[in-house]
Structures are given as structure tokens and as C-alpha cells.
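Working notes, structure below.
The values are calculated or read from the model by the stated rules, or taken from the named source; none is laboratory data. The structure displayed is predicted, hence computed values, not measured ones. Using ideal geometry, Cβ is built from the backbone for each residue, glycine included, and neighbour counts are taken over all protein chains shown.
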Amino acid sequence: MNVNKEKWIIEADIASMQSAMEAGWLSSEELVKLYLARIERYDGVLRSILEVNPDAIEIAKALDRERIEQGSRGSLHGIPILLKDNIDTHDHMHTSAGSVALANSYAAADSFVASQLRAAGAVLLGKANMTEWANFMSSSMWAGYSSRGGLVLNPYGPGELFIGGSSSGSAAAAAANLGAAAIGTETSGSIISPASQTSLVGIKPTIGLVSRSGIIPITNSQDTAGPMARTVADAAILLGAMTGADEQDDATLSGVKQSYRDYTPFLDADYLQQARIGIPRFYYKDLDEARLAIIEGAIEVLKQAGATIIDPVELPCEQVDWDWHVLRYEFKKYINDYLGKLDESVPIHSLQELIAYNEEHAEIALKYGQDTLISAEETSGTLTEQEYVDSLIRNKELAGKGGIDHALVEHRLDALLILGNEEVDDLAARAGYPVITVPGGFAETGIIAEGGYTTKGPQGITFIGTAFSEPTLIKLAYGFEQATKHRFPPAAFS
């Protein structure tokens, strides 16, 4: 087959890669080398990848031999995937959450997610840069910045467009075709925001669908890993590979009853003909003209595809003044649990020691300070404070049953539809509910938002549902994607 593989790899999807490897004109080894060449060529600008896996080529060679001798393991056999740098891998790559304090830390075991991906045949290609400590270090830290890797830039406008956080490197790398896809993590918006800003599909799963064991934490109540890919189909393939019951994460023991090992059967574009989608207009109020036009255009596309649009819908929690007590209290407990198990060669084993280390190495570690870490250290770390207990209950009741679920039930909705709204992403995060974003268009103009970022650039159309509604959200996102095909590669990296 006479194909320029360097050109072919740009925007190639997982199914195409598998077909090429099955046909014998491409190998996993070649695939890995193509991506490594692109990383070498382009990532000096983007700073999206902290390190590549030194064993990636050898792993790919082994998987090529296995394909010939035993057959393929499935859709991910030989596919190079990038992991956010807070996801443990027991190999020759570090896991640091972007911090220089953990720059030399090797995980003693794979995270559950990494183990699942390896079992599916994926090649773990490298670790993606991220907002340090998943943006729970400083209230003034820029999204995408880490002391270990510097600032990740958006491939659609390096230095100009907002990248989103904290899975910034995962987003930039996948968007610029530096890997087949990437895994990010989210506590509140950290998959959905950067995916939206880089014309990707991002899925933030229901809490309990994907194990968190072996992932550097913020909070047990909201943390989850999820796929970031260029198509809904690729994201669905990855999600199925990541699910499963893990005895080290109790939430998955009940979640597995509502999970699937394969989400590709839900790639049903015709589902839009029977879908009911709600428009929470309250959360559209801050959209500028260009972004409002994009979401209105999306609503029209959904109508033309046969969906019933309920506009507007109201959420009882729209005026609630939310607090961040759950994150503040849980961080100390769970980060101490993680750090306390690290090898003796690592210089920190508690939040207190991390703060001291940063102060001792302030020139490289404290560009934006560490007020968030200090605030978390002031808690007991026992999760017994009444303020914490009350906040946890309030989040679940007001964001979930009294918020998202209320609107879905009242109007018999499949999902709510938003664009680039951190408030609604945060509601889903507090409730532990799933979110999926899909490329929705490109805003040619924008306004200067909080933090000095412009709102122009890629925009994600985002669907939010109730617990374990991933199959329905995938149907909605796939239908919209197939009707619009808004995704296009960043010109400077094509």
C-alpha cells in the first residue's frame, strides 16, 4: 500500500490503526516511532509531554510478535497511549504530578488504569505534563503549568489561547497528534475544560466507573480518570478498557454492576431522533456573542437530527453559593496516604514535608506559591470536621438529587447541554456524575476572561447526565459529532 505514513498518522483513529496493522502495512513499532518523531519535532513548543517511555519501542515489537503468533487482544492492541503524570506506572517512567519534589519518583506498582490498558494491549507511550498537583497547589497558578515541565501551550494558538487544566498536557498532545489518545484525570473540569479548548472528545466518568487506585489524589469524592481522544469512537474504546472492579477502590465494587467493558455499541447516531435534551439557560448568561452562536448552532443541529429540545430548564441549585471544603479537607488525608507509601529515596512522604521541600527549593518550586497546599495542611487530615461532613452532604444533595437529577426527572431528559461552563462542570463533579464534551466549533473572536485568557478558539459542546449514564451520553455525542464533524487538526502541527 503506497501511503505516506507521516501524513496518514495525522488524525488517524484507532480503528484505522488496527486495520492497518491487521493488513500488515503498518506495525505497532512503526506507529510508536511515528509518534516519537512527532514528539521530537513538535513538543519543544507545546511542552505537553514530560517524558517518553524508554521501553515503548520494545513493548511495541513484542505486541507485533504477539499479533502474528497469537492474534490481536482487541481494539487497543499496539496502540500508543499517553498518560497524565499523576497516574502510576510501574516501569522506567516517573510519576510526579508535575512536581520537582517527585521528579525522581518511580511507582512501586501500576495504577489500576495503567494495568487495564496494558492488559488491553496498549503501548504506554509517555507521561503528559499537567497543572502541578492537579491545580491544587496555588490559587494563582496558570492552567497547564508545572515546576517540572513548564507551561503547556494550546496547539491551536500557542501562547494565545487558553489550554484549560489540569489535564493540559494530555489534551495538547492528543490534539496535536503526538499519540493515538491520552488519559486525563478530573476533580472538577480538568478533563472537560482542556478537551473543549483543544477540539477533543473528553469523558469524565461517573465516580465508581473507573478505579482511582494508583492515581495521585485530590479527593476521593470527586477524582476520576477518563479518556481524551480525537473522536467519540476512540474515547468509547478507551473507556471500556479502563473500567472494572478494583478491591483497592470500593466505589468500583458497586459501580462495576453498571459498567461495560465495551462502549462501542453505543455509537448510535440515530439515537438523537428520540433524545430529549435540556437547555439550562441560566448557565448561558456569561457567554460572549461568538460562543453563544456556537451553542445556538448546536441546538439547531440537534433539532434537525430529531431531538426534542426543552428550552429553558431550571436547576434548583442555580443560585447556590458553593464552597470548596470537601477538596480542602480530603486532600490532606489522601495525599498523605499516597506520599506515605513512596520509596525512601523520595524526599517527601507527607503534605507537611512537601510544603517544606517547596520552601527549601522556592526558586524552582514556588513560581506561583503554595497557598492551597498550606490551607489544606491546616486541616486535621482525619475527615472528622463538621464543616467537611456538612459540605459533603450538601454537594451530593444540592448538585445531584436537588440539581441535575431534578431537571432530568422533571422534564424526562437524557442530558443537559452546555458550552464551556465551569459552573455546570463543577455541579457534575460534586454530584459524581458523568460529562462528555465533543468538538462544537471554533470561535474566531472572544473576550478576555478571568485570568487574562481569551475565550476564542475551539469550543466543546458538552452533555451532562445522571450517574452511570455514559451509554446515553456517548450516543448523544456521537450523533452530534457525525452530524457536524467540527474537529480539525491544529495547522501548525499538521
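At a glance:
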read-out: Any chance LEU253 is assigned to a helix (DSSP H, G or I), touching a Pro at 6+ places or on another chain (Cβ under 7 Å), in the same structural domain as GLY202 (by TED's automatic domain parsing) and aliphatic (A, V, I, L, M); value: no
read-out: Among the candidates GLY441, GLY457, GLY402, residue that is at pLDDT below 95, over 17 Å from PRO227 (Cα atoms) and outside the structural domain of MET141 (by TED's automatic domain parsing); value: GLY402
read-out: Hey, ALA172 of a type outside the set (S, T, N, Q) and surrounded by fewer than 24 Cβ atoms within 10 Å (Cβ to Cβ) or not; value: no
read-out: Test for MET93: is it in contact (Cβ under 8 Å) with a residue 12 or more places away in the chain and touching a helix residue (DSSP H, G or I) at 6+ places or on another chain (Cβ under 8 Å); value: no
read-out: Flag for ALA245 being in contact with a helix residue (DSSP H, G or I) (Cβ under 7 Å, 6 or more places away or on another chain), surrounded by fewer than 18 Cβ atoms within 10 Å (Cβ to Cβ) and assigned by TED's automatic domain parsing to the domain that holds SER221; value: yes
read-out: Among (1) in contact with a His (Cβ under 9 Å, 6 or more places away or on another chain); (2) farther than 27 Å from PHE468 by Cβ; (3) touching a residue at least 24 places away in the same chain (Cβ under 8 Å) - the single one ILE310 does not satisfy; value: (2)
read-out: One residue from GLU40, GLU66 being under 24 Å from the mean Cα position of the chain (by Cα), outside the structural domain of PRO489 (by TED's automatic domain parsing) and at pLDDT 95 or above; value: GLU40
read-out: Failed item in (1) outside the structural domain of GLY402 (by TED's automatic domain parsing); (2) part of a strand (DSSP E or B), with GLU330 passing the rest; value: (2)
read-out: Out of LEU63, LEU50, LEU36, sole residue that is closer than 21 Å to LYS127 by Cα, assigned to a strand (DSSP E or B) and touching a strand residue (DSSP E or B) at 6+ places or on another chain (Cβ under 8 Å); value: LEU50
read-out: Any pair with Cβ under 8 angstrom, 6 or more apart, that starts in region 134-151 at a residue that is within 17 Å of SER96 (Cβ to Cβ) and ends at one that is part of a helix (DSSP H, G or I) and among the acidic types (Asp, Glu); value: SER138/ASP371; MET141/GLU132; TYR145/GLU132; SER146/GLU132; SER147/GLU132; ARG148/GLU132
read-out: Residue check, PHE112 out of contact with any Phe, Trp or Tyr (no Cβ under 9 Å at 6 or more places or on another chain), modelled with pLDDT of 95 or more and of a type in the set (Phe, Trp, Tyr); value: yes
read-out: Of all residues making up region 208-240, the number that are aliphatic (A, V, I, L, M), surrounded by 24 or more Cβ atoms within 10 Å (Cβ to Cβ), touching a Ser or Thr at 6+ places or on another chain (Cβ under 8 Å) and not in a strand (DSSP E or B); value: 5
read-out: Members of region 295-309 found to be surrounded by fewer than 20 Cβ atoms within 10 Å (Cβ to Cβ) and either assigned to a helix (DSSP H, G or I) or aliphatic (A, V, I, L, M) (or both), listed by number; value: GLU296, GLY297, ILE299, GLU300, VAL301, LYS303, GLN304, ALA305, ILE309
read-out: Region 169-183, residues that are among the aliphatic types (A, V, I, L, M), under 11 Å from PRO489 (Cβ atoms) and in a loop (DSSP other than H, G, I, E, B); value: ALA176
read-out: Scope region 292-335; condition of a type in the set (Lys, Arg) and in contact with a Gly (Cβ under 8 Å, 6 or more places away or on another chain); matching residues; value: LYS332, LYS333
read-out: Counted residues, region 449-472 - those being assigned to a strand (DSSP E or B) and within 18 Å of the chain's Cα centre (by Cα); value: 7
read-out: Evaluation of ASP246 against (1) in contact (Cβ under 8 Å) with a residue 12 or more places away in the chain; (2) of a type in the set (D, E, K, R); (3) within 22 Å of VAL409 (Cα to Cα) (one fails), failing number; value: (3)
read-out: Residues that are of a type outside the set (Phe, Trp, Tyr), in contact (Cβ under 8 Å) with a residue 24 or more places away in the chain, surrounded by fewer than 20 Cβ atoms within 10 Å (Cβ to Cβ) and assigned to a helix (DSSP H, G or I), drawn from region 338-357; value: GLN352
